[in-house]
Amino acid sequence: MRKFYLTLIAINSLFYCSAQTAKLDSIFAPVVVGVPPSDAYIGLSKMPDGEIRHYNYGERKIDERPYYLSSKDSGFTWSRVNLSHDMPYADTQSPISGEFIRIYSMSQGVYALRTVGGIDGGRVITKIDDEFSLMIKPPVFIKDGKKIVVAAHRLGRKGALTYISDDDGLSWKISNNVTAPLHEKGGFHKGVRWNHGAVEPTIAELGDGRLWMVMRTSQDRHYQSFSEDDGLTWSESTPSPFYGTITMPTFHRMKDGRLLFFWTNTTSLPEVDGPTGQWEDVFTNRNATHIAISEDNGKTWIGMRELFLDIRRNEEDFASNPGSDKSVHQAQCVEVGDNKLLVSLGQNKDHRKIVMLDVDWIYEKERSNSFENGLDDWSTFKYYKGYVGHCGYNRMQGGLLVDHSDKVGAKMLNIRYIKNDTLICDNDGALWNFPAAKDGEFTTRVKLPKDAKPITLILNDRWFNSSDTVAKYNSMYKFNIDRKALKIRDDNWYDVKVKWTHNNKAVVYVNNKKRLTLPLQNSTEHGVSYVHFISGNVPDSVGVFIESVKAAIK
């Protein structure tokens, strides 16, 4: 009888594993599978037995017990596990000793926690810094696990730094601080962005032994620094290859050696008159998280794809809705199967999500959209004047869908200008992302009624607000969609195609007939990855209609 039951248990286990594998195999494009318990930049961990845990490191009521979310099916379902009030916890395991290690701040300084006897064993806590640090990232194990580097930053504008251990977390050293230039008023900016220095750094070990640090700054780009002594000293910072303003970057080294990068690839609206560079500012570029992958230690990058768009990005009460830091700009990642990623991202319980995807999705070479899923893949919102709540504007959706003029049940996008003095920018616009193409082509199907006013089609390599007229000055290519420019004389549907080669001119075709040659306005390192439709400033009762879009790497 005992043998029978053991055999039954083995059969059930085999069935469960097969079902689990099939479920993972069904995942390709990003899909939401959960909600992080707190801000997503820390707390996600994979245990030795495959259990996924997401610790809550900061969003609890005063009398609430510490806890973590647990998943034993690779992240598809989650349950809450309470912890003891007096049990400090850690989530990153040393590949050398098997102990779990975490660095964290308290009002008296910075402390290192190291388990004794594994996750369920004892704890040793050591003070390693008398000065306060913020946003301390999970430990990164380098030199085949023999050294540990932990990224953090100082309060104020003192800059980013690292804590380094070469004895598996028993003792620690502190690096020099790395700073970045301050944002300045001028050009399109009538005010100054929040100048917080170089903060929220992320670390990756490169093939040549150097460490690469990328930091959040108040500039249009993340800044970078390098270390040749395992993180003890860092070079002066310089602009990195990645766009991102006042948002957090994150590296993740996969088991097979490929390097992932999570960041926003977004640029804020120009600063309005008033901000002085001090704390309070309005965040206008925190509604998209991007992912890219490198097979050569960061020399080249593939994808630059929107991993996730904030589900509340179009809401009228976006800013006035309770809670702070409404964004999706933080990320952390674990691998849950062959080529499968589980990504925790965002802040605020109404915005943050846990997403699962297949790495091959990043490598796709084309994308298309005909609004079958509405505007789920588009950014179209505008901002009402006057920030409310925490660092935000309330929203109004622009670039609306209307019933298709020729296809029953289908939708089409209508872009037109309606003057509205209650908005920061009242231009109508819509933004859509596709896999980054150094050499590529983009096609859209459009209808231009006789009285429609011209709109501009912009091809760019980063996310801009859909109503941001500054986007065209930073773009690779731009041209007007209007009857005169495209030699269109009727109300029929037309295919407008743009073909480009890397950092060279582009050619525009209408129904496969050449119409325009476009000069390169600005060079791009990674390739074109966005189309942006935006209206002019002439009131328009009709507008231009868009039926579909498609982009491909050539």
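The values are calculated or read from the model by the stated rules, or taken from the named source; none is laboratory data. Treat the numbers as computed from the prediction; the structure is a model and nothing was measured. Every residue, glycine among them, receives a Cβ derived from its backbone with ideal geometry; neighbour counts consider all protein chains shown.
Table for the structure above
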quantity: Residue 257 in contact with a strand residue (DSSP E or B) (Cβ under 9 Å, 6 or more places away or on another chain), small (Gly, Ala, Ser), closer than 20 Å to residue 303 by Cβ and at pLDDT 95 or above; calculated: no
quantity: Selection status of residue 197, touching a Ser or Thr at 6+ places or on another chain (Cβ under 6 Å), on the phi > 0 side of the Ramachandran plot and not acidic (Asp, Glu); calculated: yes
quantity: Top-ranked residue of the stretch 131-156 - restricted to ones that are charged (D, E, K, R) and buried (at least 17 other Cβ atoms within 10 Å of the Cβ), ranked as nearest to residue 88 (Cα to Cα); calculated: 137
quantity: Neighbours by Cβ (under 6 Å, 6+ apart or cross-chain): first from the stretch 263-278, farther than 23 Å from residue 214 by Cα; second part of a loop (DSSP other than H, G, I, E, B) and polar (S, T, N, Q); calculated: none
quantity: Filter result (in a loop (DSSP other than H, G, I, E, B), touching a Ser or Thr at 6+ places or on another chain (Cβ under 9 Å) and of a type outside the set (Ser, Thr, Tyr)) within the stretch 399-424; calculated: 399, 400, 410, 416, 418, 424
quantity: Given (1) in a strand (DSSP E or B); (2) surrounded by 15 or more Cβ atoms within 10 Å (Cβ to Cβ), number of the condition residue 42 does not satisfy; calculated: (1)
quantity: Residue in the stretch 136-155 that is of a type in the set (D, E, K, R), assigned by TED's automatic domain parsing to the domain that holds residue 198 and not in a loop (DSSP other than H, G, I, E, B) present; calculated: yes
quantity: Residue 98, sole failed condition from (1) in contact with a Gly (Cβ under 8 Å, 6 or more places away or on another chain); (2) at negative phi; calculated: (2)
quantity: Test for residue 128: is it in contact with a Lys or Arg (Cβ under 6 Å, 6 or more places away or on another chain), in a strand (DSSP E or B) and surrounded by 12 or more Cβ atoms within 10 Å (Cβ to Cβ); calculated: no
quantity: Qualifying positions in the stretch 96-115 - in a loop (DSSP other than H, G, I, E, B), surrounded by 13 or more Cβ atoms within 10 Å (Cβ to Cβ) and not hydrophobic (A, V, I, L, M, F, W, C); calculated: 97, 98, 99
quantity: The stretch 400-422, subset out of contact with any Gly (no Cβ under 8 Å at 6 or more places or on another chain) and closer than 22 Å to residue 312 by Cβ, residue surrounded by the fewest Cβ atoms within 10 Å (Cβ to Cβ); calculated: 422
quantity: When residues of the stretch 432-465 are limited to those that are basic (Lys, Arg) and more than 18 Å from residue 508 (Cβ to Cβ), the one nearest to the chain's Cα centre (by Cα); calculated: 462
quantity: Conditions (1) in contact (Cβ under 8 Å) with a residue 24 or more places away in the chain; (2) surrounded by 12 or more Cβ atoms within 10 Å (Cβ to Cβ); (3) in a loop (DSSP other than H, G, I, E, B); number of the one not met by residue 118; calculated: (1)
quantity: Positions within the stretch 309-324 being more than 15 Å from the chain's Cα centre (by Cα) and of a type in the set (Asp, Glu), in sequence order; calculated: 315, 316, 317
quantity: Residue match in the stretch 191-210 (condition: hydroxyl-bearing (Ser, Thr, Tyr) and more than 22 Å from residue 165 (Cβ to Cβ)); calculated: no
quantity: Residue in the stretch 243-254 that is in contact with a Gly (Cβ under 7 Å, 6 or more places away or on another chain), modelled with pLDDT of 95 or more and at negative phi present; calculated: no
quantity: Residue ranges of strands (runs of 3 or more DSSP E) in the stretch 509-554 with at least 2 members touching a strand residue (DSSP E or B) at 6+ places or on another chain (Cβ under 6 Å) and within 23 Å of residue 406 (Cα to Cα); calculated: 544-553
quantity: The stretch 231-243 residues that are assigned by TED's automatic domain parsing to the domain that holds residue 263 and assigned to a strand (DSSP E or B), paired with ones that are among the basic types (Lys, Arg) and buried (at least 22 other Cβ atoms within 10 Å of the Cβ) (beta carbon under 7 Å, 6 or more apart); calculated: 243/462
quantity: Subset tally (residues that are outside any loop (DSSP other than H, G, I, E, B) and either more than 24 Å from residue 52 (Cα to Cα) or within 17 Å of the chain's Cα centre (by Cα) (or both)) for the stretch 325-341; calculated: 5
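Conditions (1) in contact (Cβ under 8 Å) with a residue 24 or more places away in the chain; (2) within 23 Å of residue 540 (Cβ to Cβ), marked per residue:
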site	(1), (2)
382	yes, yes
386	no, no
390	yes, no
400	no, yes
412	yes, yes
419	yes, yes
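Results for (1) modelled with pLDDT of 95 or more; (2) surrounded by fewer than 19 Cβ atoms within 10 Å (Cβ to Cβ), shown as yes or no for each residue.
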{"residue": "330", "(1), (2)": "yes, no"}
{"residue": "338", "(1), (2)": "no, yes"}
{"residue": "345", "(1), (2)": "yes, no"}
{"residue": "358", "(1), (2)": "yes, no"}
{"residue": "361", "(1), (2)": "yes, yes"}
{"residue": "365", "(1), (2)": "yes, yes"}
{"residue": "378", "(1), (2)": "yes, no"}
{"residue": "383", "(1), (2)": "yes, no"}
{"residue": "398", "(1), (2)": "no, no"}
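Conditions tested, residue by residue: (1) modelled with pLDDT of 95 or more; (2) surrounded by 14 or more Cβ atoms within 10 Å (Cβ to Cβ); (3) not assigned by TED's automatic domain parsing to the domain that holds residue 249.
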{"site": "172", "(1), (2), (3)": "yes, yes, no"}
{"site": "177", "(1), (2), (3)": "yes, yes, no"}
{"site": "197", "(1), (2), (3)": "no, yes, no"}
{"site": "207", "(1), (2), (3)": "yes, no, no"}
{"site": "213", "(1), (2), (3)": "yes, yes, no"}
{"site": "228", "(1), (2), (3)": "yes, no, no"}
